[in-house]
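Read-outs throughout are calculated quantities, based only on the coordinates presented, and are distinct from any laboratory measurement. None of these values were measured; they are calculated from a predicted model. Every residue, glycine as well, gets a Cβ built from its backbone with ideal geometry; the counts of neighbours run over all protein chains shown.
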Amino acid sequence: MRRVNQRAVLGACAALAAVSSAVVPAGDAQAAATIIINNINAPGVGFNDPTPAAPVGGNPGTTVGQQRLNAFTYAANLWGATLTSNVPIVINAQFTPLSCTATSGVLGSAGATFVFRDFVGAPRPATWYSYALANKLSGADVNPTPAPQINSNFNSNLGTPGCLEASFWYYGFDSNEGPGGIDFVAVLQHEMAHGLGFQTFTSGSTGNFLQGFPSVWDHYLFDATNNVVWANATAAQRQASAISIDKLVWTGANVNAGAAVTLRAGLPGVGVSGPAAGPLGGTTLSAGEASFGAPLARPGTSGDLMPVVSSTGNPAGPGCGPLTANDARAVQGRIALIDRGACGFAVKAKNAQNAGAIGVIIANNVAGPAPGLGGSDPTVVIPVASVSQADGNALKTQLRTRSRTASGVVANLSLFGTQLSGADTLGRMKMFAPNPFQQGSSVSHFDTTATPNLLMEPSINGNLTQTVVPPIDLTFPLFQDIGW
């Protein structure tokens, strides 16, 4: 996947209680749907922050608060031009401190204030729909006591000591956030999508329906292990499939038709050959992709594989500092095999590149599948991939008798086959189902194996566009599947 060490997580917060506040529109999106922003921050903070700011990226605001509101209006206009509803959509919006550390944190969260079932115009009986979607389908406000349809919240501490310190909010409209920047418009699009209905209201951690009824999502979430949609599955089956890694898929026709023209054909892998490859010869190992370095592409990058075994970094770990003379001689003009741990993936890749490596394989240090490699370093220009701990150990077994001039084990970092990256073998879009379960992220996002990156993955990616339709993105097709 393309997570970064400076990990920016986007949350799906299924908050089902209304927030009482007078509606003070910061801007309306007048198009196929009208979206009204309800600024609930107190004076002087959040969307009312008076700190002076220079206009940036087409955003003319001259204070931080103005730029935040302008960006929200801009993102609302994007969704307003895409969706159709004759009922205005009101979004409660605020900036407050959210969960954060120096290297990871939550950027924002959003969710429907209420869910409804069996309303006039409901396509499916006994099924929960988000407030905004229920209004669209009904053609009128379905709430006897009308209220805002969405709650949203964004991290006011981003870029301060102890909170994603190397990052900052970028309020421009041009998707040109640059190094360290987090595109606020992209985050807004993502969080608004959750509030509009891009989430299930069934508990993935327990498998239990909300008050005994499925959500509209559950008619399209498919447990590929037991061959049953969530709406018809048992709670135990839903709970298990929420942590099934690659066995939770989407069956909606619009998403999967869009996936065929949006997702890349071919899965990342490491082909193994050579006279010393032993039982690995002629096999292709599953690989995880990196968010940095040269993208994997056919015919791939091939070379003798050499291990990096010494530690010179602080904290000490293979590849965490400049390579020793022996390791540098071993990897020059070859592909470096480095164990995960102690420092960032991009750090290891850069040190290997500086020593002359033409590619890097990171061996996982815990059981499980090959992980995605997060991180950011535009100066890394060689391909980088990961393999599982088991496959890494198998490679190291074959390398134990290598010389410093040739190992006899050849690795090829490439794409293999025709399966879509982010879909299963039947072309069904994978949903995010990591083990262990990640509250706020699991199930209600597309899987992180999707290539190209999609707006509704659980972590922000720097190469997103503002487009939500194929062949760029699959968010709107999912909305079409559920009734938008």
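Computed quantities for the displayed model
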| read-out | value |
| --- | --- |
| Charge-dipole axis of the chain as Lys and Arg at +1 and Asp and Glu at -1 on Cβ define it, positive-most pick from Phe154, Asn59, Ala260 | Ala260 |
| Given [x] 186; [y] 137; [z] 227, the label whose value is volume of the Cα convex hull per residue in Å³ derived from this model | [y] |
| Relative counts (whole %) of C-alpha pair distances in region 266-420, using bins that are 10 Å wide | 13, 47, 36, 5, 0 |
| Mean ellipticity per residue at 222 nm, deg cm²/dmol - from DSSP H runs of n ≥ 4 across the chain, formula -39500 (n - 2.57) | -5500 deg cm²/dmol |
| Check: the chain dipole with +1 on Lys, Arg Cβ and -1 on Asp, Glu Cβ, in debye | 1160 debye |
| Region 266-420: relative contact order in percent, alpha carbon pairs under 8 Å with at least 6 residues between | 36 percent |
| Candidate aspartates and glutamates - alpha carbon under 14 Å from Lys247, same-chain residues fewer than 8 apart omitted | Asp223, Asp424, Asp447 |
| Calculated FRET value between Asn232 and Val366, using beta carbons and R₀ = 51 Å, to 0.05 | 0.90 |
| Reach of Lys348 by Cα under 12 Å, taken over aspartates and glutamates that are not fewer than 8 positions away in the same chain | Asp339, Asp377 |
| Neighbour-count order for Leu137, Leu69, Leu399, fewest beta carbons within 10 angstrom listed first | Leu399, Leu137, Leu69 |
